[in-house]
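Read-outs: derived from the displayed coordinates by stated rules, not from any lab. The structure displayed is predicted, hence computed values, not measured ones. No Cβ is skipped: glycine too gets one built from the backbone with ideal geometry, and neighbour counts run over all protein chains shown.
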Amino acid sequence: MLLSRRLFVPPFATGLLNYHSVVSEAPAVTPYQTSANPLPYDQLPGDWKKGWSGLYHFWKKDGFHNIHHLMVENYKRFGPIYRETLGTYDSVYIQHPEDAAALFQVEGMHPERLRVQPWYEYRDYRNKRYGVLLKSGEEWRCQRLILNREVLSVAGMSRFLPLLDSVGQDFVRRAYTQVERSGREKWTADLTNELFRFALESVCYVLYGQRLGLLQDYINPESQEFIDSVTVMFHTTSPMLYLPPRFLRFINSPIWKNHVKAWDSIFNHADRCIQGIYSSLKYRTDNTYSGVLSNLLLQDQLPLEDIKASITELMAGGVDTTSMTLQWAMYELARAPSVQERLRSEILAARAASGDDLAMLLKRIPLVKAALKETLRLHPVAITLQRYTERDTVIRNYMIPKGTLVQVGLYAMGQNPDIFPSPQRFAPERWLGNESTHFRGLGFGFGPRQCLGRRIAEMEMQLFLIHILENFKIETNRMVEIGTTFNLILFPSRPIHLTLSPLSLNDTDRHT
């Protein structure tokens with residue numbers, strides 16, 4: 001669940017790993033060796049001298065929706081490191097794993113990612129608190145450690161599993177209902193909205209300990225408004241990454257007005273959920289786990305407004321990231337039926353060996369996990385991973401000054417044949433060999449500021465694929481190529497139509 005809808009953020013906390021333990025991964029990749037006399041920053045290749053005219057040419061190339069392809073072109077043109085200025089952003093772009101490792105080493109104790117300025121502008125405009133996604137400095141670190149214990153610890157993960165599993169089972173039941181209604185013994189549809197509803201139902205169950213009923217035919221109008229608002233929020237964010245949102249606010253631009261309206265709806269939806277949970281705590285009579293929010297309120301370690309801000313960010317960011325990744329995963333598996341069959345065999349063996357032990361089941365499905373990694377390589381939710389350097393550093397023999405925004409091109413890395421041989425081939429097994437994969441699978445980020453919703457998202461997607469592959473064969477028109485378009489995260493350029501065909505009882509048992 002990637003908020004890096006990406007744009008999520010986290011480390012592994014007390015109870016899982018020590019705060020600094022993630023740093024121990026850094027030596028696994030040796031940074032690119034440089035000479036003793038690095039070249040100055042102003043000699044970096046790239047079109048960074050064009051300034052605002054560069055933004056005009058970027059717009060002419062439909063860069064707002066095509067930026068990931070333009071990055072690939074720039075790497076081919078300038079090499080593995082280049083500099084670019086677009087509107088208000090002056091960035092250095094890298095793509096090799098060893099360079100990402102070098103960046104990791106200078107992210108500091110309080111890592112800073114790209115500031116999504118329209119999100120800050122909205123909160124300032126409405127006088128709302130920043131959540132942990134947007135906080136910085138020591139305040140970020142202290143609150144992040146508290147949240148880590150709740151959503152990244154082993155204890156937290158064990159509490160989530162039954163909740164996520166039940167939502168996955170309900171999606172399977174809904175799929176069977178759609179098959180029966182079709183009269184054709186299969187369900188063919190663009191599953192975008194269905195998967196969005198599944199992801200929202202899952203994340204809200206974990207956060208609030210309550211079901212929203214989104215896997216029914218009838219959806220509460222308030223929930224549908226939230227779904228629509230999340231989509232609008234992301235679509236209006238993208239152009240404001242390069243055009244100052246304060247200026248658009250000043251001229252009362254439709255982009256700004258729609259952005260504010262969308263965030264208002266998101267916060268209102270979260271407020272209603274939070275108030276319901278807060279009220280129910282008064283009548284709580286047992287120790288049954290009732291979600292992240294309830295635990296945070298009972299612990300009383302964070303101010304209520306900070307809890308509300310962080311929970312809202314987790315909810316808003318944890319929907320498209322997982323739903324879109326699952327859609328791409330099903331698309332790739334439908335185009336690679338032999339891979340699909342290998343995953344199904346692994347799941348059946350794991351189920352037989354694990355019984356009802358969900359934690360053990362997830363330990364026995366390395367190929368399923370690899371398939372999700374491979375999906376995120378081909379279709380990363382966020383096209384770059386960003387950090388501001390805490391100190392001067394040398395990358396690719398260029399001196400990068402302290403405070404520089406450096407972006408790792410995740411989409412470009414995944415398309416690079418020097419890093420991933422035959423990059424267009426969907427090959428999950430590439431993640432299971434003896435070759436090191438450190439700093440190659442960065443879909444959830446790295447270090448203390450990697451995705452806060454990472455473990456929730458991973459378990460949600462793994463359990464979903466388990467249930468789907470136990471019950472259905474996934475098919476699509478393999479002759480139809482689906483491209484990508486950028487709207488803060490990567491979306492399909494056209495609808496993906498998938499077919500779910502129930503497996504016969506001779507093929508496998510149904511686990512619903």
Rounded to the nearest whole Å³, what is the per residue volume of the convex hull around the Cα atoms of the stretch 21-502?
157
Return the long-range amide H neighbours of TYR398 (sequence gap of 5 or more, or a different chain), with a cut-off of under 5 Å between placed amide H atoms.
LEU39
Taking a ≥ b ≥ c as the square roots of the eigenvalues of the Cα gyration tensor of the stretch 174-239, is the shape rounded (a/c under 1.5), prolate (a/b larger than b/c) or oblate?
oblate
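At a threshold of 8 angstrom on Cα-Cα distance, excluding pairs fewer than six apart, so keeping six or more, what relative contact order does the stretch 331-420 reach in percent? List each step's numbers first, then the result.
Details: 75 pairs, mean separation 18.1, N = 90.
Contact order relative to length: 20 percent.
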Modelled FRET efficiency - R0 41 Å, LEU39 with LEU432, Cβ distances, 0.05 increments
0.55
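Could the peptides 453-460, 297-304 be put in order, highest first, of the mean number of other beta-carbon atoms found within 10 Å of their residues? Don't skip to the end; give the middle numbers.
Numbers: 453-460: 25.2, 297-304: 13.4.
In descending order of packing, they fall as 453-460, 297-304.
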Which residues qualify? For TYR82, with a placed amide H closer than 5 Å and at least 5 residues away or on another chain, they are TYR93
Would you list, by chain and number, the lysines whose Cα falls below 30 Å from the Cα of LYS257, excluding same-chain residues fewer than 8 positions away?
LYS60, LYS61, LYS128, LYS135, LYS308
Work out the charge dipole of the chain with +1 on the Cβ of Lys and Arg and -1 on the Cβ of Asp and Glu about the Cα centre, then indicate which of GLY87, TRP328, HIS467 is farthest towards its positive end.
GLY87
Per-residue HN-Hα couplings for the stretch 425-437 [Karplus 6.51, -1.76, 1.60; θ = phi - 60°; Hz; x = Gly/Pro]:
8, 7, 9, x, 5, 5, 8, 10, x, 7, 5, 5, 10
With θ set to phi - 60°, apply the Karplus curve 6.51 cos²θ - 1.76 cosθ + 1.60 along the stretch 316-325 and write out the HN-Hα couplings as whole Hz, x wherever there is a Gly or Pro.
5, x, x, 10, 4, 4, 7, 5, 5, 5
Over the Cα atoms of the stretch 371-426, what Rg and Dmax result, in angstrom?
14.0, 39
Let me see the pair-distance distribution of the stretch 187-341: every alpha carbon pair, 10 Å bin width, integer percents in order.
9, 32, 30, 20, 7, 1
Given the DSSP H assignment, sum -39500 (n - 2.57) over each helix run of at least 4 residues in the chain and divide by its residue total; what's the result at 222 nm in deg cm²/dmol, nearest 500?
-16000 deg cm²/dmol
Residue by residue through the stretch 64-73, which ³J(HN,Hα) values in whole Hz follow from phi under the Karplus form 6.51 cos²θ - 1.76 cosθ + 1.60 (θ = phi - 60°), with glycine and proline marked x?
4, 10, 10, 4, 5, 6, 5, 5, 4, 4
How much of the DSSP beta bridge set in the stretch 21-502 is antiparallel, as a percent to the nearest 5?
85
If you average 1/r over all unlike Cα pairs in the stretch 350-491 and invert the result, what Kirkwood radius do you get in angstrom?
17.6
Rounded to the nearest 0.05, FRET efficiency between ARG184 and GLU481 (Cβ-Cβ, R0 22 Å) equals 0.30
Coarse-grained scattering of the stretch 207-281 at q = 0.23 Å⁻¹, given as base-10 log I(q)/I(0) from a Debye sum over alpha-carbon atoms
-1.00
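Ranked from highest to lowest mean number of other Cβ atoms within 10 Å per residue, what is the order of the peptides 367-380, 176-189? Spell out each step's value before the answer.
Numbers: 367-380: 23.2, 176-189: 13.9.
Going by the mean number of other Cβ atoms within 10 Å, highest first, we get 367-380, 176-189.
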Mean Cα-pair separation over length for the stretch 389-512, i.e. relative contact order, pairs under 8 Å, 6 or more apart, %:
15
